[in-house]
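Following: one structure in structure tokens, then a few remarks.
The values are calculated or read from the model by the stated rules, or taken from the named source; none is laboratory data. The structure presented is a predicted model; accordingly, all values stated were derived computationally and were not measured. Glycine also receives a Cβ, built like all others from the backbone with ideal geometry; neighbour counts cover every protein chain displayed.
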Amino acid sequence: MIEGWFGLSPAMLALAAAAVVVAGVVRGYAGFGFSAMVVGTLAIVISPAQIVPVMYLMEIAASLSLLPAIRRHIDWSWLTPLAIANIITTPLGVWMLTRFNEDTLRLMVALSLLVLSTILLTGYSRPDSGRPVGGSLRWTTGGVSGVMSGIAAVGGLAVAAMFLLTGVAAAQLRATMIALLFVMDIWALGLSYAGGIVHWQTFALACALAPAMVVGIRLGHRLYHRDMSRDVGQQAFRQRISILLFTLALAGLLRTWLVN
């Protein structure tokens, strides 16, 4: 019966649920990384065309569940240009996939993120990170993020890396990422629907995996507040986010090489 509803065996559904719990912990803690972890784990056994639209739905639900608790920390001076530029340039990234070599583009994106995350692991940040960031950098970050989203669905990772480089505080980083992903995923879901890859099975699988996501997000949310209650909370958060970005970038690079 399960296989008839979702196209998955019970074992594959259990694997998907386990991956969603772990990714939910990361999402609840960091505010991003859910889709990258789940798709990276399940793409081996489930077609990306089947699982990615499910992730859009679950990401939207995840953001809605977290927004009431973090809305006062959203940095609107970052969110507005990021969201608008992302919406404008995501179709450009999709268009680039139709005009240039897909594998080369995704390899370039993966390498760029790996280099950036490696720099972050050294503890580097912008020398004048205490000063406000200019609007041009915010718009440029949003534009680059949109192109990366269109090419490899990793635009959120680029924004998180820029937040760390510019010294955005933990609460603002996490809250703004959650709000931005909400906008990005609604846009991506609309594009997917227009492309004909969203079906009733998409909603059914998202509902089936939702309890696992809720469990993970609640655990991650508690871990975040536990860290923030400590004197070294900001430092621990920055270090863990840097490690997360490096891990996701390395995993994306390895997947690109293995596929090639």
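Yes or no: ILE178 in contact with a Phe, Trp or Tyr (Cβ under 9 Å, 6 or more places away or on another chain), part of a helix (DSSP H, G or I), surrounded by 17 or more Cβ atoms within 10 Å (Cβ to Cβ) and of a type in the set (A, V, I, L, M, F, W, C)? Taking the combined requirement at face value, the residue satisfies it.
When ILE84 is tested against (1) out of contact with any helix residue (DSSP H, G or I) (no Cβ under 8 Å at 6 or more places or on another chain); (2) within 14 Å of MET184 (Cβ to Cβ), exactly one condition is not met: (1).
Taking the numbered list (1) surrounded by fewer than 19 Cβ atoms within 10 Å (Cβ to Cβ); (2) in contact (Cβ under 8 Å) with a residue 24 or more places away in the chain in turn, PRO10 passes all entries but (2). Is segment 96-118 home to any residue that is touching a residue at least 12 places away in the same chain (Cβ under 8 Å) and among the aromatic types (Phe, Trp, Tyr)? No, every residue in segment 96-118 fails to be touching a residue at least 12 places away in the same chain (Cβ under 8 Å) and among the aromatic types (Phe, Trp, Tyr).
Among the numbered conditions (1) at pLDDT 85 or above; (2) crowded, with 22+ Cβ neighbours inside 10 Å; (3) within 28 Å of LEU111 (Cβ to Cβ), the only one that SER149 does not meet is (1).
Collect the residues in segment 129-144 that are under 17 Å from MET177 (Cα atoms), assigned to a helix (DSSP H, G or I) and modelled with pLDDT under 90, keeping them in residue-number order. Residue satisfying the conditions is LEU137 alone.
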